[in-house]
Amino acid sequence: MAQKDILGALKDKDPENLTSVTQVYTTTTTTTYRTCKRDALTEMQILLSLIHKEKYMCWTRNRDKSDVVADIFWKHLDYVKLLNMFHLVLIFDCTYKTNRYQISLLDIVGVTSTKLTFLVAFAYLEHEREKNFT
């Protein structure tokens, strides 16, 4: 159905509906884009395909005796080059359970000699234990 027709149908069903054509356009465009990009892939498959497509290096750790990914760590080779030059100051910052899976996102950031920051790596961590960070 055309987007302008969707808005008309909503207004016909409920004259007090405050939906705008912009909201309809944004929703239908985003949903269509996500659907065509995903195909039948799971979210983990999409993440891994994007990591490999953009030439990131990636390591995963599975739960004991299963195929379920517990932790995933990724970095870009360009980040490694910067890290080799400026390896004295690293900042580890964990964003706690703000995503839909309630797992932590670890950001590792380096600092250059001119006090500029650069990304080093990212990791989704199932648990915040020393072995996960190591």
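The values are calculated or read from the model by the stated rules, or taken from the named source; none is laboratory data. For clarity, every value in this text was computed on a predicted model and none was experimentally measured. Please note: Cβ atoms are built from the backbone with ideal geometry, for glycine as well, and neighbour counts cover all protein chains shown. Surface areas here come from the heavy atoms of the whole protein model, side chains and all, with no ligands, DNA or RNA. Shrake-Rupley method; radii C 1.70, N 1.55, O 1.52, S 1.80 Å.
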Residue pairs meeting the criteria (Cβ under 7 Å; at least 6 apart or on separate chains; first at pLDDT 90 or above, in segment 66-92; second exposed (fewer than 12 other Cβ atoms within 10 Å of the Cβ) and assigned to a strand (DSSP E or B)): PHE73/TRP59
Restricting segment 117-134 to residues that are over 16 Å from GLN102 (Cβ atoms) and surrounded by 10 or more Cβ atoms within 10 Å (Cβ to Cβ), the residue that is modelled with the lowest pLDDT: PHE133
Breaking point among (1) more than 27 Å from LYS53 (Cα to Cα); (2) of a type outside the set (D, E, K, R); (3) modelled with pLDDT under 80, for ALA9: (3)
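In segment 71-104, what residues are within 17 Å of MET57 (Cα to Cα) and open to solvent by less than 50 Å² (accessible area, probe 1.4 Å)? Full working, then the answer.
First, the residues of segment 71-104 that are within 17 Å of MET57 (Cα to Cα): 71-84.
Across segment 71-104, the qualifying residues are ASP71, ILE72, TRP74, LYS75, HIS76, TYR79, VAL80, LEU83.
Just to be sure, is SER113 modelled with pLDDT of 80 or more, over 20 Å from PHE133 (Cα atoms), part of a loop (DSSP other than H, G, I, E, B) and open to solvent by less than 70 Å² (accessible area, probe 1.4 Å)? Steps first, answer last, please.
On the way: modelled with pLDDT of 80 or more: yes; over 20 Å from PHE133 (Cα atoms): yes; part of a loop (DSSP other than H, G, I, E, B): yes; open to solvent by less than 70 Å² (accessible area, probe 1.4 Å): no.
In short, no.
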Complete set of residues in segment 58-88 that are within 30 Å of GLN102 (Cβ to Cβ) and charged (D, E, K, R): ARG61, ARG63, ASP64, LYS65, ASP67, ASP71, LYS75
